[in-house]
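Here's the structure, in structure tokens; my notes come after.
The values are calculated or read from the model by the stated rules, or taken from the named source; none is laboratory data. All values derive from a computational prediction rather than experimental measurement. Virtual Cβ from ideal backbone geometry, glycine too; neighbours counted across all protein chains shown. To get the accessible areas, we keep the full protein, side chains included, count just its heavy atoms, and leave off ligands, DNA and RNA. Shrake-Rupley method; radii C 1.70, N 1.55, O 1.52, S 1.80 Å.
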Amino acid sequence: MTDILREAGPVFLGSRLKRLAERMQAEAAIAIAEAGLTCQPGHMALLATLARGPQSISQLVAVVGTSQPGVTRAVGQLAQLGLVETVTGRDQRQRLVSLTPQGEEAHAAAITDVWPRMGGAVRSVLASIPGDFLGDVERIEEALASRPLLDRVGPARRTVLRLREFSDELAGAFHDINKQWIEAMFVLEPVDREVLENPREKIIDVGGTILFVEAEGLGVVGTCALKPTGGGSYELTKMGVLESARGLGAGAFLLAAAIARARRIGADPLYLLTNHTCEAAIHLYEKLGFRHDGGIMADYGTRYARCDVAMRYVP
């Protein structure tokens with residue numbers, strides 16, 4: 001099974017950390033319930049803060065470091081559980097959140113039962129991995145506090161990409177885009193010429209698909225095909241992007257669209273044949289779910305003289 005969060009690397013770091021937090025909190029919830037408490041893991045930091053004395057919502061936000069709506073919602077949940085109450089501060093206009101006697105009991109149970117057990121378990125996990133994870137987390141937090149992510153990203157890419165379907169008017173683009181990359185790296189083989197010169201007959205009319213990506217201001221810059229090869233199998237073939245359009249993300253856009261189309265039509269297997277020298281393309285294929293497959297090589301690899309890599313899409 002493809003782990004898209006892991007494969008995407010730093011792009012999905014926030015989502016990956018959230019997934020990790022949700023897994024840990026789900027197990028913490030079990031430990032909390034075993035201690036006879038009705039609150040949730042997300043309430044623990046608030047209980048710890050309020051055990052030091054009444055706090056306003058803004059003070060809780062500052063201490064816990066989460067959003068005001070989130071803190072307000074959590075305080076409301078604790079109030080419904082009878083663990084907190086709202087009291088008037090020295091300034092009659094200020095409303096403070098305070099632990100009730102039941103809240104103090106819950107906090108006492110947390111620090112004597114839940115936190116030691118969960119803390120020990122987490123320390124065990126951290127001891128099994130090298131480095132200083134908690135220190136790294138703190139350094140990430142400090143780095144983001146000094147300079148948020150949006151201050152670090154480059155300008156938004158303004159090139160708009162659009163998917164286009166095959167038409168006879170685009171047959172020439174299908175031919176020329178593929179001819180460019182094939183001749184730049186290899187030699188056009190007879191099987192290449194047959195498909196490139198007769199795309200409707202060899203692909204469309206036999207139930208295949210040819211897709212194009214159009215870049216705003218540049219026109220059609222890339223193409224790829226899904227060619228049926230019998231028994232429900234489809235070859236993802238003749239995928240290329242013009243050299244002048246490299247760096248726009250057109251290849252990834254096109255490949256994602258082709259995979260989605262193949263899944264919609266029930267392609268099984270969906271495979272591709274390439275050469276090890278196409279390193280950038282192979283990396284992209286791997287990133288979007290293709291895996292090297294000896295069976296595909298045995299069944300289809302002799303189709304091209306240049307083929308020494310065969311891959312199968314694994315959802």
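Have a look at A121, A109 and point out the one that is under 16 Å from L20 (Cα atoms) and either open to solvent by less than 70 Å² (accessible area, probe 1.4 Å) or modelled with pLDDT under 95 (or both). Please lay out each step first, then the result.
Working: A109 fails: under 16 Å from L20 (Cα atoms).
Exactly one of A121, A109 is under 16 Å from L20 (Cα atoms) and either open to solvent by less than 70 Å² (accessible area, probe 1.4 Å) or modelled with pLDDT under 95 (or both), namely A121.
Within the stretch 92-106, is there a residue that is more than 30 Å from L288 (Cβ to Cβ), within 37 Å of the chain's Cα centre (by Cα), part of a helix (DSSP H, G or I) and charged (D, E, K, R)?
As a first pass, look at the stretch 92-106 and keep what is more than 30 Å from L288 (Cβ to Cβ): 92-106.
Filter once more, so that each one left must be within 37 Å of the chain's Cα centre (by Cα): none.
Taking every residue of the stretch 92-106 in turn, none turns out to be more than 30 Å from L288 (Cβ to Cβ), within 37 Å of the chain's Cα centre (by Cα), part of a helix (DSSP H, G or I) and charged (D, E, K, R).
When the residues of the stretch 147-191 are filtered to those that are in contact with a strand residue (DSSP E or B) (Cβ under 6 Å, 6 or more places away or on another chain) and polar (S, T, N, Q), the one that is most open to solvent (accessible area, probe 1.4 Å) is T159.
For first residues located in the stretch 70-88 and without any contact (Cβ under 8 Å) to a residue 24 or more places away in the chain and outside any loop (DSSP other than H, G, I, E, B), partners that are open to solvent by 70 Å² or more (accessible area, probe 1.4 Å) and of a type in the set (D, E, K, R) and lie 6+ apart or on another chain with Cβ distances below 6 Å form the pairs T86/R95. Of all residues in the stretch 166-186, exactly one satisfies the criterion of being more than 36 Å from the chain's Cα centre (by Cα) and without any contact (Cβ under 8 Å) to a residue 24 or more places away in the chain, namely E169. Residues of the stretch 205-232 that are open to solvent by 40 Å² or more (accessible area, probe 1.4 Å) and of a type in the set (A, V, I, L, M, F, W, C): V206, L218. For T159, the criteria (1) closer than 30 Å to I265 by Cβ; (2) touching a residue at least 24 places away in the same chain (Cβ under 8 Å); (3) in a helix (DSSP H, G or I) hold in every case but one, which is (3). In the stretch 4-17, the count of residues that are open to solvent by less than 80 Å² (accessible area, probe 1.4 Å) and under 17 Å from V64 (Cα atoms) is zero. Taking the stretch 135-193, which residues are more than 27 Å from G240 (Cβ to Cβ) and among the hydrophobic types (A, V, I, L, M, F, W, C)? If the condition is that a residue be more than 27 Å from G240 (Cβ to Cβ) and among the hydrophobic types (A, V, I, L, M, F, W, C), then V137, I140, A143, L144, A145, L149, L150, V153 are the ones that fit.
Annotation: of all residues in the stretch 49-68 being in a helix (DSSP H, G or I) and either open to solvent by less than 30 Å² (accessible area, probe 1.4 Å) or of a type in the set (F, W, Y) (or both), the one that is farthest from A110 (Cα to Cα) is L60. Note on the stretch 78-89: among residues that are in contact with a strand residue (DSSP E or B) (Cβ under 9 Å, 6 or more places away or on another chain) and open to solvent by 60 Å² or more (accessible area, probe 1.4 Å), the one that is modelled with the highest pLDDT is E85. Across the stretch 264-304, the number of residues qualifying as touching a residue at least 40 places away in the same chain (Cβ under 8 Å), more than 11 Å from E235 (Cβ to Cβ) and among the hydroxyl-bearing types (S, T, Y) comes to 1. Of all the criteria given as (1) in contact with a helix residue (DSSP H, G or I) (Cβ under 8 Å, 6 or more places away or on another chain); (2) open to solvent by 80 Å² or more (accessible area, probe 1.4 Å); (3) touching a residue at least 24 places away in the same chain (Cβ under 8 Å); (4) not aliphatic (A, V, I, L, M), the one not satisfied by E194 is (3).
Name the residues in the stretch 260-273 that are under 28 Å from L218 (Cβ atoms) and surrounded by fewer than 21 Cβ atoms within 10 Å (Cβ to Cβ), would you? Walk me through how you get there before you give the answer.
So the first thing to find is which residues in the stretch 260-273 are under 28 Å from L218 (Cβ atoms), and the list is 260-262, 264, 272.
Passing the criteria: A260, R261, A262, R264.
When the stretch 89-105 is filtered for residues that are among the hydrophobic types (A, V, I, L, M, F, W, C) and either without any contact (Cβ under 8 Å) to a residue 40 or more places away in the chain or in contact with a Ser or Thr (Cβ under 8 Å, 6 or more places away or on another chain) (or both), the ones remaining, listed by number, are L96, V97. Is there any pair linking a residue in the stretch 205-234 that is polar (S, T, N, Q) to one that is in a loop (DSSP other than H, G, I, E, B) and crowded, with 17+ Cβ neighbours inside 10 Å, with Cβ under 8 Å and at least six apart or on different chains, and which? From residues that are polar (S, T, N, Q), the pairs are T209/F166; S233/A267; S233/P269.
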